[in-house]
Amino acid sequence: MSIFVNADTRVLVQGITGREGQFHTRQCLAYGTRVVAGVTPGKGGQKMDEVPVFDTVRQAMAATGANCSLIFVPPPFAADAILESAEAGISVIVAITEGIPVMDMLKVKNFIQNKMLRLIGPNCPGIITPGACKIGIMPAAIHKPGGPIGVVSRSGTLTYEVVHQLTGQGIGQTTCIGIGGDPVNGTNFIDCLKAFEEDPDTRGIVMVGEIGGSAEEEAAAWIAANGSKPVVGFIAGLTAPPGRRMGHAGAIVSGGSGTAEGKIAAMRQSGIAVCEDLGTLGEMCKRVFGKS
Amino acid sequence: MKIHEYQAKELFGRYDVPIPAGRAAFSVDEAVAAADALGGYPVVVKAQIHAGGRGKGGGVKLARSAGDVTTVAGQILGMTLVTHQTGPEGRLVKKVLVEQGLDIAKELYLSLLPDRGSAKYLIMASEAGGMDIEKVAAETPEKIVKVWVDPLIGLQSFHVREVGFGLNLPPAAMKPFTKLLTNLFRLFVELDCSLVEINPLVLTADDRVLALDAKINFDDNALYRHKDILAYRDLDEEDPLEVEASAHHLNYIKLDGNVGNMVNGAGLAMATMDIIKRAGASPANFLDVGGGASAEMVENGFRIILSDPNVKGILINIFGGILRCDVLAQGVVEAAKKTRVSVPVVVRMEGTNVEEGRRILAESGLDLTGAVDLKDAAAKVASIVK
């Protein structure tokens with residue numbers, strides 16, 4: 001089992017003919033993901049390797065039955081690409097693009113709020129159900145199929161580090177999902193925690209957060225009230241200076257809120273096993289999940 | 001991106017948001033001329049730096065005559081202004097804003113920002129103006145009016161009424177306030193601001209409403225569609241190494257520790273800084289070379305890290321995955337040779353061909369140490385700086 005995506009998910013890639021789009025489409029295909037279509041306006045009728053390219057998402061869906069879109073469109077056009085998929089009826093939208101203006105995302109977020117769809121990202125590595133499908137840019141080889149651990153994170157390479165350590169300890173993953181480093185994103189921690197809670201194959205969760213905002217505190221409160229599965233947490237940014245944006249648009253301590261200390265304290269209070277030394281996270285998972 | 005108060009007021013003027021008459025000056029003579037042009041005293045001389053708390057630091061002074069202007073402008077221009085936002089090193093003041101003094105009846109607070117939690121626009125206002133708003137929020141939260149605006153409908157009249165009545169404005173001030181907030185909101189959205197703050201917004205004895213102060217921050221991700229705003233960037237207000245890094249599209253923030261570090265990805269970069277601290281050393285910087293980490297990026301990264309004299313050792317942490325470690329190692333070796341790296345470097349990398357990568361580092365003849373994992377890297381870095 002897995003959350004949000006599985007081996008039957010039919011993926012279309014928006015921005016498939018760009019450099020990133022081509023490279024990662026091939027990587028996804030090599031992993032066995034069913035990439036059924038690409039969309040690049042003006043390039044309809046062409047092919048990217050064996051994948052047919054369409055001018056619009058509606059055309060691609062009608063011809064191929066795609067139900068998930070993976071977006072590599074550059075920032076100035078990315079919000080439009082998300083909205084196009086949302087209006088066309090795509091059910092899972094994975095937006096990799098980094099650098100979308102906040103004002104654009106505010107509109108997107110409010111527009112999709114009452115629609116039956118899930119947006120993952122933007123500014124994220126995507127989502128992978130090891131052994132079934134990879135919809136994103138993460139390196140496939142570090143993952144171990146078969147579960148029993150779900151991983152949710154605001155970061156990219158930091159998630160790879162965490163997954164790599166899990167796999168190194170012989171712990172497999174059900175689904176690993178990057179929710180993105182932007183201040184306004186689609187799917188949040190709680191959405192993923194709920195889904196992992198309901199997934200019978202997921203027996204424990206690793207949650208990776210960072211400074212900025214209050215998503216980790218809210219997730220911790222949700223876990224305290226609803227969570228039955230063990231959770232290991234990690235927060236990046238203990239040494240980040242306040243008032244500075246640490247690479248990710250959303251990673252900023254402002255006015256004393258959004259600090260790593262505050263998040264770690266809230267998570268501990270909710271019974272989450274917080275790891276403060278990233279080098280030993282895998283070992284800690286072995287201890288915590290070994291008992292469950 | 002941040003801009004100066006006088007630049008923010010220029011934009012206010014363009015959007016018909018009332019401001020006191022005033023002009024920026026870069027010398028004492030210009031300040032006197034600016035005061036003369038205002039046609040009456042008193043005037044206020046305000047230091048222009050990218051930090052708040054200027055008044056308390058002695059950067060804002062009243063002048064009742066041309067002689068006064070000469071004196072206070074002379075004091076402020078060239079001073080190193082220290083406020084709670086500048087850090088102990090302070091900022092050199094290179095320009096002032098000379099403004100007409102006003103007959104103030106009441107000081108208010110007004111700000112607009114995108115609210116990440118609710119994904120709405122947020123208008124915050126308070127009758128407790130002229131004070132540190134974070135302090136007001138902590139001590140007397142009931143004095144803050146918050147109105148959320150759905151981005152899909154934009155600002156409506158009722159939003160403005162909620163703010164205006166929340167501020168207990170006198171009836172005569174309601175109309176000018178409505179116009180001010182409507183125009184300010186248009187500026188906020190059209191220019192992709194991450195913050196517009198007026199503290200204080202003043203109510204004059206004759207029921208006018210004006211922005212006595214002005215602060216605007218812009219969303220860096222949206223600057224591509226505001227080329228005119230880019231012209232407001234003041235490199236004097238930024239760290240020179242950060243300016244150089246940004247020219248190479250590197251995400252670098254200077255810190256005051258002794259271990260330089262270069263990492264791909266922002267989250268892993270923060271975590272790497274934290275690891276350095278845990279190992280008993282202290283990070284000299286944040287540097288994200290991006291997911292790909294090309295040889296050119298690594299070379300520029302080395303150069304910038306080494307420009308910081310505090311750096312006693314460097315930790316490179318690249319989690320490539322798809323990236324080939326032999327290519328990366330080759331790049332690191334070449335960059336280290338080109339930039340004449342003079343301090344020990346610990347390289348932790350992960351990805352395809354990692355064994356080959358480590359061999360290249362070991363055989364390079366340079367002071368490059370390979371680390372097998374993060375734990376190992378942290379221990380090696382700590383032993384270097386001890």
Next item on the list: Would you mind checking the tilt of helix A:189-198 against the longest principal axis of the Cα atoms of chain A, expressed as 0 to 90 degrees and rounded to 10?
Entry: 90
Item checked: Mean residue ellipticity (222 nm) of the protein assembly as shown, computed from DSSP H runs ≥ 4 via -39,500 (n - 2.57), nearest 500 -> -11000 deg cm²/dmol
Next item on the list: Among B:Gly22, B:Gly280, B:Gly129, determine the one that fluctuates most according to a GNM of chain B built with springs between C-alpha atoms less than 10 Å apart.
Entry: B:Gly280
Next item on the list: Pick out which of B:Arg225, B:Arg233, B:Arg54 has the largest mean-square fluctuation in a Gaussian network model of chain B, springs linking Cα atoms closer than 10 Å.
Entry: B:Arg225
Margin query: Modelling each spin label as a point 7 Å along the Cα-to-Cβ direction, I'd like the A:Asn6/B:Arg359 distance in nm, to one decimal.
Written below: 4.5
Next item on the list: First measure r as the distance between the Cβ atoms of B:Leu62 and B:Glu238, then evaluate 1/(1 + (r/R0)^6) with R0 = 30 Å and state the FRET efficiency to the nearest 0.05.
Entry: 0.45
Next item on the list: Per residue of region A:87-104, in order, report the coupling 6.51 cos²θ - 1.76 cosθ + 1.60 (Karplus, θ = phi - 60°) as ³J(HN,Hα) in whole Hz, putting x for Gly and Pro.
Entry: 5, 6, x, 5, 9, 10, 10, 10, 9, 7, 2, 9, x, 6, x, 4, 4, 5
Notebook entry, point to check: How far is the Cα center of region A:3-23 from the Cα center of region B:1-72, in Å?
Noted result: 55
Notebook entry, point to check: Among B:Thr86, B:Thr70, B:Thr140, whose mean-square fluctuation peaks in a Gaussian network model of chain B (Cα, cutoff 10 Å)?
Noted result: B:Thr140
Check: Quick one: helix B:5-14 against the long Cα principal axis of chain B, what's the angle to the nearest 10°, folded into 0 to 90?
Finding: 60
Check: How much net charge surrounds B:Cys325 when only other residues with a Cβ under 9 Å from its Cβ are counted (Lys, Arg +1; Asp, Glu -1)?
Finding: -2
Next item on the list: Could you go through region B:221-226 in sequence order and give the Karplus-derived ³J(HN,Hα) for each residue, using 6.51 cos²θ - 1.76 cosθ + 1.60 with θ = phi - 60°, rounded to whole Hz, and x for Gly and Pro?
Entry: 5, 9, 5, 4, 9, 9
Notebook entry, point to check: How well do other chains shield peptide B:372-381, expressed as the mean number of their Cβ atoms within 10 Å of each residue Cβ?
Noted result: 3
Checklist line | Label-point separation, A:Met116 to B:Leu366 (7 Å along Cα→Cβ), nm | finding: 5.7
Margin query: Using Cβ contacts closer than 10 Å as the measure, can you line up B:Asp132, B:Asp288, B:Asp192 from fewest to most?
Written below: B:Asp132, B:Asp192, B:Asp288
Notebook entry, point to check: For the residues A:Val92, A:Val208, what sequence is obtained by ranking on other C-beta atoms within 10 Å, fewest first?
Noted result: A:Val92, A:Val208
Next item on the list: Scan around A:Val13 for amide H atoms under 5 Å from its own, H built in the peptide plane at 1.01 Å from N, and keep only partners 5 or more places away or cross-chain.
Entry: A:Ala37, A:Gly38, A:Val39, A:Leu70
Next item on the list: Give me the lysines in straight-line cross-link reach of B:Lys380: C-alpha distance below 23 Å, same-chain residues under 8 apart excluded.
Entry: B:Lys254, B:Lys277, B:Lys312, B:Lys337
Checklist line | Candidate lysines - alpha carbon under 26 Å from A:Lys194, same-chain residues fewer than 8 apart omitted | finding: A:Lys107, A:Lys109, A:Lys115, A:Lys134, A:Lys144, A:Lys229, A:Lys263, A:Lys286, A:Lys291, B:Lys120
Next item on the list: Name the aspartates and glutamates eligible as straight-distance cross-link partners of B:Lys61: C-alpha to C-alpha under 15 Å, and not fewer than 8 places from it in the same chain.
Entry: B:Glu99, B:Asp213
Notebook entry, point to check: Taking GluC sites (Glu not before Pro) that fall in a DSSP loop and have at most 13 other Cβ atoms within 10 Å as cut points, what is the longest piece of chain B between them?
Noted result: B:90-362
Item checked: Gap separating the Cα centres of region B:314-386 and region A:64-80, nearest whole Å -> 37
Notebook entry, point to check: Peptide B:218-228: average number of partner chain Cβ atoms within 10 Å per residue?
Noted result: 4
Notebook entry, point to check: How well do other chains shield peptide A:234-244, expressed as the mean number of their Cβ atoms within 10 Å of each residue Cβ?
Noted result: 6
Next item on the list: For the protein assembly as shown, give the share of DSSP beta bridges that are antiparallel, in percent and rounded to the nearest 5; count only bridges with both residues there.
Entry: 50
Check: Near the amide H of B:Gly370, under 5 Å away, which other amide H atoms are found, from residues 5 or more places off or on another chain, if H is placed in the peptide plane?
Finding: B:Val347
Margin query: On C-alpha positions alone, give me the angle between the axis of helix A:215-226 and the longest principal axis of chain A, in degrees, nearest 10.
Written below: 70
Note to self: Going by amide H atoms built from the backbone, whose H comes under 5 Å of the H on A:Gly180, apart from near neighbours?
What the structure shows: A:Ser155
Next item on the list: Report ³J(HN,Hα) in whole Hz for each residue of region A:137-151, in order, from the Karplus equation J = 6.51 cos²θ - 1.76 cosθ + 1.60 where θ = phi - 60°; Gly and Pro get x.
Entry: 10, 6, x, 5, 4, 6, 8, 10, x, x, x, x, 10, x, 10
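All of the numbers you see were taken from the coordinates with simple rules; none came from a lab. Computed from a predicted model, the values in this text were never measured in an experiment. Virtual Cβ from ideal backbone geometry, glycine too; neighbours counted across all protein chains shown.
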